[in-house]
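A.B. asks: A single structure is presented below for examination.
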Amino acid sequence: MKRYAVIGRDIAYSISPIIHNEHFKFLEIDAIYECFDMKKLEINPLKTYQGFNVTIPYKEQIINNCFELSKEAKEICAVNCVKVVNDQFYGYNTDVYGFYQLLVKNHLLKEEKKVLVIGAGGAGKAVYYCLLNYTKHDVYVTNKTIDKALKLTSKVISFDVVSQYITDFDIIINCTSVGVKERQSPIKIKQVKKNACFIDINYQSKSLFLDVAKKLNAKTINGFDMLIYQAAKSFEIWFQKKANIKAMYESIRKG
Ligand code: ATR
C-alpha cells in the first residue's frame with residue numbers, strides 16, 4: 001500500500017486526510033494519507049512515504065532537504081508538496097495552482113484590481129507569486145516582520161498602519177496563520193471599499209477576519225477552493241493521473 005501524509009505542527013485540525021483518503025477510495029487506489037504532527041522537522045520517517053504535503057511551519061525549512069525543486073518552489077522559496085523517489089525529496093508548490101483556481105472559481109481575474117496580501121510567510125509568498133505572474137492586479141504586501149515583505153516587493157505597507165488603508169483595496173487576502181487556531185483577525189477592519197472582496201486562505205469555518213468584513217457588506221471567500229485544488233495538484237504530481245475534483249469536494253460533504 002502506498003503511503004502519503006500531511007506534515008506540520010499542531011495540525012490535528014487538517015481535513016487533508018479526509019479529502020485524499022475518500023478520493024483514493026473513489027478511484028480505487030490502494031493508498032493511505034495520514035496526519036503526521038511533528039514538534040520539529042524530522043526527515044528519516046518521511047522517507048517511508050511516497051509523498052507528503054507540508055504545512056505550517058515547515059514550508060520553508062523542508063527546502064534544505066529537497067534534492068530538486070520545481071521552478072515555482074524555487075522562486076517562491078516554499079514547498080507544500082513533496083514527491084519521494086529513491087529516498088530523495090522533490091519539492092513543489094501546489095498552493096500557487098490552488099490559489100489561481102480560487103480566483104478563477106470566484107471570477108476575480110477579469111478586471112485589474114488593487115490587491116493587499118497580508119502575510120509574507122510560505123503561503124503569502126505563493127499567493128503573491130500567483131498574483132504577480134498570472135494576473136494583472138496591482139499587488140501590495142504587508143507583514144508583521146517588514147523585511148520579509150520587502151524581499152517580495154517595494155509595494156509594502158507597514159503592518160502597524162495597514163488598518164488605515166483598507167478602503168484603498170478591492171481584494172484583501174489573509175495569508176497569515178492568525179485565525180487558524182484562535183478566533184482572531186490579523187488586522188482591524190473598520191471600513192471597507194464598496195464591492196470589496198475579502199479572502200481568508202485558511203479554511204477553518206469561523207474566520208473573524210471574514211465575519212467582520214461580511215458585516216461591513218464585503219464579499220467574503222474562504223480557502224476551501226484553494227485547499228481542494230492544491231490537493232488535486234499534489235495528487236497529480238504523486239500519481240501522474242488526473243484528480244477527480246468532484247470526488248474531492250464530495251469527500252468533505254461525507255467526512
Ligand atoms: P505559512 O507557511 O502557513 O505561511 P509561515 O511561513 O510560518 O506559515 O508564515 C506565517 C505568517 O503569519 C507570516 O506572515 C507571519 O508573520 P511574520 O513573518 O512577521 O512572522 C504571520 N503571523 C504569524 N503570527 C502573527 C501575528 N500574531 N500577527 C500578524 N502576523 C502573524
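The values are calculated or read from the model by the stated rules, or taken from the named source; none is laboratory data. Given the structure is predicted, the values throughout are model-derived calculations rather than measurements. Every residue, glycine among them, receives a Cβ derived from its backbone with ideal geometry; neighbour counts consider all protein chains shown. Heads up: the accessible areas ignore ligands, DNA and RNA and are worked out on the full protein's heavy atoms, side chains in. Shrake-Rupley method; radii C 1.70, N 1.55, O 1.52, S 1.80 Å.
For (1) β-branched (V, I, T); (2) under 30 Å from R253 (Cα atoms); (3) touching a Lys or Arg at 6+ places or on another chain (Cβ under 7 Å), each residue gets a yes or a no:
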site	(1), (2), (3)
D138	no, no, yes
V156	yes, no, no
V162	yes, no, no
F169	no, no, yes
I187	yes, no, no
K194	no, no, no
A213	no, yes, no
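A.B. asks: Which of the residues spanning the range 160-196 are in contact (Cβ under 8 Å) with a residue 40 or more places away in the chain and within 12 Å of the ligand (Cβ to nearest atom)?
C.D. replies: V162, I173, N174, C175, T176, S177, V180, K181, P186, I187
A.B. asks: Still on this structure, please answer the following. I'm told V79 meets every condition in (1) in contact with a Cys (Cβ under 8 Å, 6 or more places away or on another chain); (2) not assigned by TED's automatic domain parsing to the domain that holds K47 except one. Can you identify the failing condition by its number?
C.D. replies: (2)
A.B. asks: Can you tell me which residues in the range 71-91 are out of contact with any Gly (no Cβ under 7 Å at 6 or more places or on another chain) and more than 15 Å from the ligand (Cβ to nearest atom)?
C.D. replies: K71, K74, E75, V85, N86, D87, Q88, F89, Y90
A.B. asks: For the structure I just gave you, tell me whether E34 is open to solvent by 40 Å² or more (accessible area, probe 1.4 Å) and touching a helix residue (DSSP H, G or I) at 6+ places or on another chain (Cβ under 7 Å).
C.D. replies: Taking the combined requirement at face value, the residue satisfies it.
A.B. asks: Hey, another quick one. Name the residues in the range 108-122 that are assigned to a strand (DSSP E or B) and open to solvent by less than 10 Å² (accessible area, probe 1.4 Å), would you?
C.D. replies: Listed by number, the residues that qualify are V115, L116, V117, I118.
A.B. asks: Among the residues of the range 130-157, write down those that are hydroxyl-bearing (S, T, Y), surrounded by fewer than 20 Cβ atoms within 10 Å (Cβ to Cβ) and more than 12 Å from the ligand (Cβ to nearest atom).
C.D. replies: Y134, T135, T153, S154
A.B. asks: Have a look at K214, K190 and point out the one that is assigned to a helix (DSSP H, G or I), more than 17 Å from the chain's Cα centre (by Cα) and charged (D, E, K, R).
C.D. replies: Exactly one residue qualifies, and that residue is K214.
A.B. asks: Could you tell me whether G98 is within 16 Å of the ligand (Cβ to nearest atom) and in contact (Cβ under 8 Å) with a residue 60 or more places away in the chain?
C.D. replies: yes
A.B. asks: Right, next: Cβ contacts < 8 Å: first residue outside the structural domain of C175 (by TED's automatic domain parsing), restricted to the range 48-76; second residue among the polar types (S, T, N, Q) and surrounded by fewer than 16 Cβ atoms within 10 Å (Cβ to Cβ), any location; separation 6+ or different chain. Result?
C.D. replies: F67/Q88; E68/Q88
A.B. asks: Something else now. For residues that are more than 15 Å from I43 (Cβ to Cβ) and open to solvent by 60 Å² or more (accessible area, probe 1.4 Å), tally how many sit in the range 61-84.
C.D. replies: Here the count works out to 5.
A.B. asks: Looking at Y249, Y203, can you tell me which residue is over 15 Å from F24 (Cβ atoms) and not assigned by TED's automatic domain parsing to the domain that holds H107?
C.D. replies: After ruling out the rest, the residue left standing is Y249.
A.B. asks: Quick check, is K125 within 14 Å of the ligand (Cβ to nearest atom), free of Cβ contacts under 8 Å to residues at least 60 places away in the same chain, open to solvent by 10 Å² or more (accessible area, probe 1.4 Å) and outside the structural domain of K47 (by TED's automatic domain parsing)?
C.D. replies: So K125 passes the test.
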